[in-house]
Amino acid sequence: MEARPRVLIVEDDARLAGMLGELLGSEGYDVVLAGDGQRGLHLGLTEDFDVMVLDRGLPAVDGLDVIGRLRDRGVLTPALVLSALGNAADRVEGLNRGAEDYLAKPFDIDELLARLRVLRRRLASTVPVVRFSGGTLDADSRNVALDDGRRFSLSERESALLERLARRPGQIFSRDDLLANVFADADDPGVVDTYVHHVRRKLGRQAIETVRGVGYRMGSAL
Ligand code: CA
């Protein structure tokens, strides 16, 4: 069970939306399509995405309004805006209103893919504090604060492991996924189990759940 990055595409042009969905799907994304701003806003508020692609010109609620409303509600998922208006003022407005990146139509698909990769990498560094059941992790300082007042400091690898699990609390991560995304310099999947053990020793056995035969998922520290 590989963890596929989830992308929300909000685009009212059904043909373009279909093409984007197919392309991003073939690039390994788990794609969710919304045909208008209302639907995009609803999905953005209720589901968890790694990155969003929004058309600027949408009926009723335009792409920048969707981003603004999501930001107001604390949703910080990186957003890339597609716009038929390619001028500088339009680009600046998009960035000022909460979009992380901006691409004029027609765009090159390889450029879109490259920019989405950058945005996904940026997510981890812009929002260092991750909430999980029973406490929070500050991924910058690698400090864990449990709701009962206990504090722990984690090693770099322990923190990276906990962060990956905590950012997607419902998801089950295979050891291969964790090996590739957390311990990229290691090649023995056993390192995953070792660090799961380390984190549990600090935060409690139930902090990371074992899903037998599949992998690991975030549990509760309290
Ligand atoms: Ca449009």
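Any read-out appearing in this document is the output of simple, stated calculations on the displayed coordinates, not a laboratory observation. Because the structure is predicted, anything quoted here is derived from the model rather than measured.
For segment 50-188, just run the numbers: alpha carbon Rg, then divide by 2.2 N^0.38 Å, N being how many residues it has.
On the way: Rg = 18.1 Å, N = 139, 2.2 N^0.38 = 14.3 Å.
Dividing the Cα radius of gyration by 2.2 N^0.38 Å gives 1.26.
For LEU23 and ILE109, compute 0.36 nm times the residue count separating them, minus their Cα-Cα distance, and round to one decimal in nm. Intermediate results must be reported in sequence, preceding the final value.
Working: separation 86, 0.36 × 86 = 30.96 nm, distance 0.83 nm.
So the chain would gain 30.1 nm between LEU23 and ILE109.
With just the Cα atoms defining each centre, how far is segment 44-70 from segment 8-36? Give it in Å.
So the separation of the two Cα centres works out to 13 Å.
Could you grab the relative contact order for the chain? Cα pairs under 8 Å, six or more apart, rounded to a whole percent.
Numbers: 379 pairs, mean separation 31.6, N = 222.
Relative contact order, the chain: 14 percent.
So how much slack lies between ARG200 and ARG131, counting 0.36 nm per residue of separation and subtracting their Cα-Cα distance, in nm?
Numbers: separation 69, 0.36 × 69 = 24.84 nm, distance 1.70 nm.
Gain on stretching ARG200 to ARG131: 23.1 nm.
Is the shape of segment 42-120 rounded, prolate or oblate, going by the alpha carbon gyration tensor and its root eigenvalues a ≥ b ≥ c, with a/c under 1.5 for rounded and a/b larger than b/c for prolate? Write down the numbers at each step before the final one.
Values: a/c = 1.73, a/b = 1.22, b/c = 1.42.
Oblate.
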